[in-house]
Amino acid sequence: MRKPIIAGNWKMYKTLSEAKQFAEEVKGLAPDSVKVDTVICAPALFLEQLTQLLSGSAVHVGAQTMHFENEGAFTGEVSPVQLADLGVEYVVVGHSERREYFNETDEAVNKKVHAAFANSLTPIVCVGETLEEREAGNTTAKVEGQVEKGLADLTEEQVKQTVIAYEPIWAIGTGKTATSEDANEVCGAIRSKVESLFGQQVADAVRIQYGGSVKPENIVELLLMEHIDGALVGGASLQAPSFLKLLEAGA
Ligand code: PEP
């Protein structure tokens, strides 16, 4: 049985006072009161305060990206050591916005995944196709390639702990959601790819989220799908009442 995992991705939204207000509204969630693993991936500036405010609650804290080096002359970057030191537990790697606007390659994604494990962070590795790739019938080839390169040279144990987020790029922030069946089909293809690379036990254990305009109204049917083990949520994770509704759906 795979425990679902619902992660909010705040992107570059909120001020510190808004982030703290959100934390006040969700911090009462006791760990045993939610049946899903719960994460908020916040801007790096807020991570220290959020780890403190949410400590002891069901809500874990994640970063939205990081460098793969532990330290160095990389102006403006944040390292895995610095994240772990703050009590951050998760990190999103290879989000399509990072790939598109910041030239994050599959090779960099792979280095970041290794760096995450070296620092006891759980990576949420994003994969997904563009609309053109989908229309050309290349969805499976695209995501399988991203999975193979992103997870290269990991141990079976590490892959079991990795969270993969399937996010069709055309569904992110657009209000267009993949149908549950389509999303499940691609998540199933990802699981088969993991099986061919790392074996069946690993494929049975790895958690695969769907992301792309998930909201309280559509999350239930997505989570009922065989291969969908949670959601990575942008817009609908920004307000506490909406985020709490998403968690209720996972129960
Ligand atoms: C995301 O940020 O990864 C995402 C899926 O955003 P949204 O839910 O707003 O489409």
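Annotations
- Alpha-carbon gyration tensor eigenvalues x 5, square-rooted, for the chain, Å: 25, 22, 17
- For the chain, the carbon plus sulfur part of the accessible surface works out to 49%, probe radius 1.4 Å.
- Across the options THR65, VAL36, LEU151, the greatest Cα extent toward the positive end of the charge dipole of the chain (unit charges at beta carbon of Lys, Arg, Asp, Glu) belongs to VAL36.
- The helix-based estimate of mean residue ellipticity at 222 nm for the chain, built from -39,500 (n - 2.57) per DSSP H run of four or more residues and divided by its residue count, is -12000 deg cm²/dmol to the nearest 500.
- Across segment 167-182, rounded Karplus estimates of 3J(HN,Hα) from the backbone phi angles (6.51 cos²θ - 1.76 cosθ + 1.60, θ = phi - 60°) give 10, x, 4, 5, 9, 7, x, 9, x, 8, 9, 5, 5, 4, 5, 5 Hz, Gly and Pro being marked x.
- Each of GLN201 and VAL220 was given a label point 7 Å from its Cα along the Cα-to-Cβ line. The distance between the two points is 3.8 nm.
- Gain upon complete extension [THR155, GLU135; 0.36 nm per residue less C-alpha separation]: 3.8 nm
- The label point for LYS35 and the one for ASP182, both projected 7 Å from the Cα toward the Cβ, are 2.9 nm apart.
- Assuming charge only on the beta carbon of Lys and Arg (+1) and of Asp and Glu (-1), the dipole of the chain about its Cα centre is about 460 debye to the nearest 20.
- In terms of the mean number of neighbouring beta-carbon atoms within 10 Å, the peptides 115-122, 215-222 order highest first as 115-122, 215-222.
- Mean separation of Cα contacts under 8 Å (6+ apart) over length of segment 128-204, as relative contact order %: 38
- Distance (nanometres) between label positions extended 7 Å along Cα→Cβ at ALA118 and ASN103: 2.2
- Long-range tail of P(r) for segment 178-251 (Cα pairs > 17 Å, %): 43
- 5 Å-binned pair-distance histogram of segment 113-209 (Cα, whole percent): 3, 14, 25, 25, 16, 11, 6, 1
- Principal axis box of segment 68-162, alpha-carbon based, largest edge first, Å: 44, 32, 19
- Calculated FRET efficiency for the pair VAL81/LYS3, C-beta based, R₀ 30 Å, to 0.05: 0.60
- Share, in percent, of DSSP beta bridges within segment 1-123 that are antiparallel, nearest 5: 0
- Pairs from the list LYS3/LYS176; LYS3/LYS111; LYS14/LYS142; LYS14/LYS35 with a Cα-Cα gap above 31 Å: LYS14/LYS142.
The values are calculated or read from the model by the stated rules, or taken from the named source; none is laboratory data. The model shown is predicted, which means the values in this text are computed figures rather than measured ones. Positions of Cβ are backbone-derived with ideal geometry, glycine not excepted, and every protein chain shown enters the neighbour counts. Each accessible area value is taken on the protein alone, full model and side chains, heavy atoms only, with ligands, DNA and RNA left out. Shrake-Rupley method; radii C 1.70, N 1.55, O 1.52, S 1.80 Å.
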